[in-house]
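*Asks:* Take this structure, written in structure tokens, and hold onto it; I'll ask about it next.
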Amino acid sequence: MILLLSILFLKERVTRFQIAGMILALSGAATIISEGNMGAIITGGLEAIDIILLLAVVTWALYSVLGKVVLKKFSL
């Protein structure tokens, strides 16, 4: 998420290794969450806690990326 927001806000360039790492991380997380049954993610639906956790991840990524912008602007 931080990489995606860095591309959006900081206009950072993405390498092939970063894209491969992102795909590997997402597929690993999906495998663990679904316990090896990828169809369970689609058919399982979202619970309230899933949305809360997703919002937590997005907020932390925004904090990290925008913090970098603010530090560049106001650093000594």
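The values are calculated or read from the model by the stated rules, or taken from the named source; none is laboratory data. Note that the structure is predicted; figures quoted are calculated from it, not measured. Cβ atoms come from the backbone with ideal geometry, glycine included; neighbour counts cover every protein chain shown. When the accessible area is computed, the model is the full protein with side chains, heavy atoms only, and any ligands, DNA or RNA have been set aside. Shrake-Rupley method; radii C 1.70, N 1.55, O 1.52, S 1.80 Å.
*Asks:* Just to check your reading of the model, which residue among LEU8, LEU4 is without any contact (Cβ under 8 Å) to a residue 60 or more places away in the chain and open to solvent by 100 Å² or more (accessible area, probe 1.4 Å)?
*Replies:* LEU8
*Asks:* I'm trying to understand the selection: among the residues of region 20-43, which are among the aliphatic types (A, V, I, L, M) and open to solvent by 100 Å² or more (accessible area, probe 1.4 Å)?
*Replies:* Once the filter is applied, which keeps residues that are among the aliphatic types (A, V, I, L, M) and open to solvent by 100 Å² or more (accessible area, probe 1.4 Å), region 20-43 yields ILE23, LEU24, LEU26, ILE32, ILE33, ILE42.
*Asks:* Please determine whether any residue of region 53-70 is among the β-branched types (Val, Ile, Thr), part of a helix (DSSP H, G or I), touching a helix residue (DSSP H, G or I) at 6+ places or on another chain (Cβ under 9 Å) and modelled with pLDDT of 90 or more.
*Replies:* The answer is yes; a qualifying residue exists.
*Asks:* Now for a different question. Quick check on this structure: which one of LEU46, LEU62 is in contact with a Leu (Cβ under 9 Å, 6 or more places away or on another chain) and exposed (fewer than 10 other Cβ atoms within 10 Å of the Cβ)?
*Replies:* So the residue among LEU46, LEU62 that is in contact with a Leu (Cβ under 9 Å, 6 or more places away or on another chain) and exposed (fewer than 10 other Cβ atoms within 10 Å of the Cβ) is LEU46.
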